[in-house]
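In what follows, a structure is listed as structure tokens, so that the remarks can point back to it.
The values are calculated or read from the model by the stated rules, or taken from the named source; none is laboratory data. Everything numeric in this text was worked out from a predicted model, so none of it was measured. Here the Cβ positions follow ideal geometry from the backbone for every residue, glycine too, while neighbour counts run over all protein chains shown. Heads up: the accessible areas ignore ligands, DNA and RNA and are worked out on the full protein's heavy atoms, side chains in. Shrake-Rupley method; radii C 1.70, N 1.55, O 1.52, S 1.80 Å.
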Amino acid sequence: MWRLLSAAYENPTLRALYPSLSTWSLTLWDAGSFTDAEDHYPALSAAGGEFRVLAWPHLENICLFLTDNPEEAVEFTAELIRAESAPTLL
């Protein structure tokens, strides 16, 4: 998990969000408190040398991306967040 946390900290997109850490995953929020959080960002998890990007809701354990490289998992997550945050053209 430490490798995943280090990679997430180095990524400016993820570093700009509020983290929540459990024993198996890192979730990210765009709000200052959980009661204000309405974001549905993917979660990152680390177990057994594998790093997963999990779809929202995280309880369903739907894996969007699986790798043995934490930087790849972080960059995949950052790309999803940037795409979700990008303005849409009308």
| Here is a list of conditions, (1) at pLDDT 95 or above; (2) under 12 Å from the mean Cα position of the chain (by Cα); (3) open to solvent by 50 Å² or more (accessible area, probe 1.4 Å), and residue 78 meets all of them except one; can you say which number that is? | (3)
| field | In region 2-40, the residues that are at pLDDT below 90, open to solvent by less than 80 Å² (accessible area, probe 1.4 Å) and more than 11 Å from the chain's Cα centre (by Cα) | value | 22, 31, 32, 33, 37, 39
| Unmet requirement for residue 70, which otherwise passes all of (1) at pLDDT 95 or above; (2) exposed (fewer than 14 other Cβ atoms within 10 Å of the Cβ) | (2)
